[in-house]
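Scroll down for the structure; my scribbles are underneath it.
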Amino acid sequence: MEQKAPTREEALAILHQYNENDSLRKHAYAVEGVMRYIARKRGEDENKWGIIGLIHDLDYEKFPDRHCSKTGEILAEHHWPEEYIRAAVSHGWGICSSVEPQTALEKVLYAIDELTGLVVTTALVRPSKSVLDVTGKSVKNKWKDKRFAAGVDRAVIEKGAERLGVGLEELIEDTIKGMQEVAEAIGLKGSQT
């Protein structure tokens, strides 16, 4: 069967089919938002980057012990293009996948996946509970406290930034801006007006 590029609607349907947990869905929307922002900034295919961001954790809720490999199987069963499958699987490189990020898209996904969690946690401790007033400086300040968002693997983020050839500050700023664009969808619009 011919592999055609999936639409966002198709990606959303498959995401919702495999993920009922609201926080996992919001994480997917956050990663999608950042991928779209960075794709635009780099002059890349925003739709492709966003869709891959949306489905990158497709298997996490139902198959946590087979994370990444099960995503590859599910997407192959749905006849997704190999490029999309490989990119989704590569975000778990060195953790639950042996597929090393090679393309710019894959490297960005690898670098920002964990970082979105740190930005979310930073937003949630603000009085506004909003990503709209999170700054790069506030994230960097929280970065230093290893007990803050302790589940966020900062080494993965640093390795991702290095592989991309961008500074950590730029990566943080881009991640914040991408998440600000989807603040309402990820439940972090807060009390901002």
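The share of Cα pairs per 10 Å bin across the chain, counted from zero up to the longest distance, runs 10, 39, 37, 13, 1, 0 percent.
In terms of the mean number of neighbouring beta-carbon atoms within 10 Å, the peptides 117-124, 105-112, 46-53 order highest first as 105-112, 46-53, 117-124. Between the residues Leu12, Ala123, Pro64, the greatest Cα displacement towards the positive end of the dipole of the range 8-181, with unit charges on the Cβ of Lys, Arg, Asp and Glu, is found for Ala123. Per-peptide packing, taken as the mean over residues of other Cβ atoms within 10 Å, places 24-32, 94-102 in the sequence 24-32, 94-102 from highest down. Checked against a 26 Å cut-off, the cross-linked pairs Lys48/Lys144; Lys41/Lys70; Lys129/Lys159; Lys26/Lys140; Lys129/Lys177; Lys107/Lys177 give Cα-Cα distances beyond that limit for Lys48/Lys144; Lys41/Lys70; Lys129/Lys159.
Full extension of the segment from Asn47 to Ala104, taken as 0.36 nm per residue of separation minus the current Cα-Cα distance, would add 19.0 nm. The magnitude of the dipole of the range 8-181, with charges of +1 and -1 set on the Cβ of Lys/Arg and Asp/Glu and taken from the Cα centre, is near 780 debye.
In percent, what relative contact order does the chain have, based on Cα pairs under 8 Å that are 6 or more apart in sequence?
Value for the chain: 24 percent.
Here the range 137-193 is assigned +1 on the Cβ of each Lys and Arg and -1 on the Cβ of each Asp and Glu. Its dipole about the Cα centre then comes out at about 320 debye.
Each peptide in 15-23, 84-92, 56-64 receives the mean, over its residues, of other Cβ atoms within 10 Å, and ordering these scores from highest gives 84-92, 56-64, 15-23.
Between Arg126 and Ser191, residue separation times 0.36 nm minus the direct Cα-Cα distance comes to 22.4 nm. Scanning the chain for DSSP H helices at least 24 Å long along the axis (C-alpha atoms) with a Kyte-Doolittle mean no lower than -0.5 picks out 104-124.
Values quoted throughout were computed directly from the atomic coordinates according to the rules given, and no laboratory measurement underlies them. Small disclaimer: the values here were computed from a predicted structure and weren't measured. As a convention, Cβ positions derive from the backbone with ideal geometry for all residues, glycine included, and neighbour counts pool all protein chains shown.
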